[in-house]
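Chemist: One structure follows; several queries about it will come next.
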Amino acid sequence: MISPAPAPAFAIRAARADDLPALVALENGVFDYDRMSARQYRRHLAGPGATLLVATDATGLLGSALAFRRRGSRASRLYSLATAPAARGRGVARALLAAIEADAAARGAERMRLEVRVDNAAAIALYERAGYARIGELPAYYDDGADARRYEKRLR
């Protein structure tokens, strides 16, 4: 008999206002450029065009995913996916990605799009394993001049 896979030792839920300090700390601990401020997070928490999910366990915030949607559009945009360094290798990013995709599909999105730095091999591998196809290149996309790749996935 094959044992079922163990349940992840973390939960995914919608972010709340009391997550703000941990979200900013995660942002500052993970990204060197293009960081979101507390003000931006507050706007996304309150805004109807954004979905902000977090992964948590007994130790606190493990990761976050932020996606945007425009009224009338059939595409959603994954703006940010972050995993705390101490939580890497636990499936947090994969679970957040699946959850944000499910949320976008439930809200009517047919596609998810994203941009990723060309030098972020781990993120590129995650997205490609999850079924994203590269659809473009964006020269000097990031604040530090780094190029990006644009990816897209059909959600339904």
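Chemist: How big is D for the range 52-121, in µm² s⁻¹ as a whole number, if Stokes-Einstein is applied with the Kirkwood radius of its Cα pairs at 25 °C and 0.890 mPa s? Write out the running numbers ahead of the final one.
Modeler: Details: Rh = 12.8 Å.
Diffusion coefficient, whole number: 192 µm²/s.
Chemist: Go through (i) 0.96; (ii) 1.04; (iii) 1.00 and flag the label whose value is the computed Rg/Rh (Cα atoms, Kirkwood Rh) for this structure.
Modeler: Correct label is (i).
Chemist: Multiply the residue separation of ARG88 and GLU115 by 0.36 nm, subtract the distance between their alpha-carbon atoms, and state the gained length in nm to one decimal. Please report the intermediate quantities before stating the final value.
Modeler: Working: separation 27, 0.36 × 27 = 9.72 nm, distance 2.05 nm.
Length gained between ARG88 and GLU115: 7.7 nm.
Chemist: Work out how much length GLU128 to ARG154 would gain on full extension: take 0.36 nm times their residue separation and subtract the Cα-Cα distance, in nm to one decimal. Please list the in-between numbers first.
Modeler: Numbers: separation 26, 0.36 × 26 = 9.36 nm, distance 1.27 nm.
Residue separation times 0.36 nm, minus the Cα-Cα distance, leaves 8.1 nm.
Chemist: Taking all protein chains together and a probe of 1.4 Å, list SER64, SER37 from the most accessible to the least accessible. Walk me through the numbers on the way to the answer.
Modeler: Values: SER64 5, SER37 50 Å².
These residues rank, largest area first, as SER37, SER64.
Chemist: Also, I was wondering about something else. Give me the accessible area per residue for the chain, probe 1.4 Å, as a whole number in Å².
Modeler: Details: 8900 Å² over 156 residues.
Result: 57 Å² per residue.
Chemist: Assign unit charges at the C-beta atoms only (+1 for Lys and Arg, -1 for Asp and Glu), then state the dipole size of the chain relative to its Cα centre in Debye, rounded to the nearest 20. Working shown, then result.
Modeler: On the way: 25 positive and 17 negative charges, 152 e Å.
Computed about the Cα centre, the dipole is about 740 debye.
Chemist: Can you give the extra length, in nm with one decimal, that the chain gains between LEU138 and ARG39 once fully stretched, where that is 0.36 nm per residue apart less the Cα-Cα distance? If you can, show how the numbers build up before the last one.
Modeler: Values: separation 99, 0.36 × 99 = 35.64 nm, distance 2.70 nm.
Stretched fully, the LEU138-ARG39 segment lengthens by 32.9 nm.
Chemist: Ignoring ligands, DNA and RNA, what percent of the accessible area of the range 1-118 is carbon or sulfur (1.4 Å)?
Modeler: On the way: 3510 of 6530 Å².
Looking at the range 1-118 in its full context, I get 54 percent from C and S.
Chemist: Right, next: I'd like to know which of ALA99, TYR141, MET36 lies farthest towards the positive end of the charge dipole of the chain, counting +1 on Cβ of Lys and Arg and -1 on Cβ of Asp and Glu.
Modeler: Among ALA99, TYR141, MET36, the one farthest towards the positive end of the dipole of the chain is ALA99.
The values are calculated or read from the model by the stated rules, or taken from the named source; none is laboratory data. This one's a predicted model, so the numbers in the text were calculated from it and none came from an experiment. Reconstructed Cβ throughout: ideal geometry from the backbone, glycine too, with neighbour counts over all protein chains shown. In case anyone asks, the SASA skips ligands and DNA or RNA and just uses the protein heavy atoms, side chains included. Shrake-Rupley method; radii C 1.70, N 1.55, O 1.52, S 1.80 Å.
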